[in-house]
Amino acid sequence: MLRSALAVAVVAGLLAGCARQEERVTQRPGSAAQASVQSAETRICLADLAQTGSTFRLLPDRDFGAGCEQRGVVQLDGVAGDAARIALTNLGPVTCPLADKAIGWARFGVDRAARQILGNGLAQIETFGSYSCRNVAGSSRRSAHSRANAIDVAAFVLTDGRRISVKDDWHEGSSEERRFLRIVHDSACKRFGTVLGPEYNAAHRDHLHLEMSGNAFCR
Ligand SMILES: [Zn+2]
């Protein structure tokens, strides 16, 4: 009872924060209609995030031009796992829907796989970041990173301090570490639109690229 009342209070607080955000953003000339539509989506998404018990805050919209922007983005610092908080390191702004997917993956995909396969829960996910104004390597197309809509995951740290990285352990790890990495890769494929790892190309030998867009493209 107390817990659900607390959740409602948190959501109400977020919505109030979101409304202030909308007010401020819509004062910018020419962006009113777009900002208010997006804020309605963001508002629903933020309410969903609050339900997960994660630690995050809404960031202001920013347009960098040349197809690079941050809209409806949050700073996600931690995820509530089954037993303990899971920290996320080096992660910049991510779109709210991407944060929502990442939270589900961290808890139900990675934390539980770590306990089942490696005998310890997940303490931390190390990332190479999220937002970056750049093209897809070798193309003239903007990367999902240029809209804060992709995360590059480099490594996982367990509650006993053991660290499993994509770079060192995808090919060279123990059989259980390799199995763990493939299982978290596969569970990412069930949640994100595009997942690229070491089997895709040399550019992804040291991380998993998790992207909202795409239709179950999993390599
Ligand atoms: Zn990437």
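Coordinate-derived values only; no laboratory data. Computed from a predicted structure; not experimentally measured. Here Cβ is always computed from backbone atoms with ideal geometry, including for glycine, and neighbour counts include all displayed protein chains.
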*Could you tell me whether region 55-218 comes out rounded, prolate or oblate from its Cα gyration tensor? Rule is a ≥ b ≥ c as square roots of the eigenvalues, rounded for a/c under 1.5, then prolate if a/b exceeds b/c, otherwise oblate.*
oblate
*So what's the projected area for region 41-150, the Cα convex hull averaged over all directions, in nm²?*
7.5
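What is the sum of charges, Lys and Arg at +1 and Asp and Glu at -1, for the other residues whose Cβ falls under 11 Å from the Cβ of Phe128?
Working: positive: Lys167; negative: Glu126, Asp152, Asp206.
Surrounding charge for Phe128 is -2.
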*Grab the other residues whose beta carbon is less than 11 angstrom from that of Asp152, score K and R as +1, D and E as -1, and report the net.*
-3
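Select from region 58-148 those trypsin sites (Lys or Arg not before Pro) which occupy a DSSP coil region and have at most 10 other Cβ atoms within 10 Å, ordered by residue number.
Details: sites: Arg62, Arg71, Arg85, Lys101, Arg107, Arg112, Arg115, Arg134, Arg141, Arg142, Arg147; in loops: Arg71, Arg134, Arg141.
Answer by residue number: Arg141.
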*Mind jotting down the distance between the C-alpha centroids of region 172-188 and region 90-141, whole Å?*
15
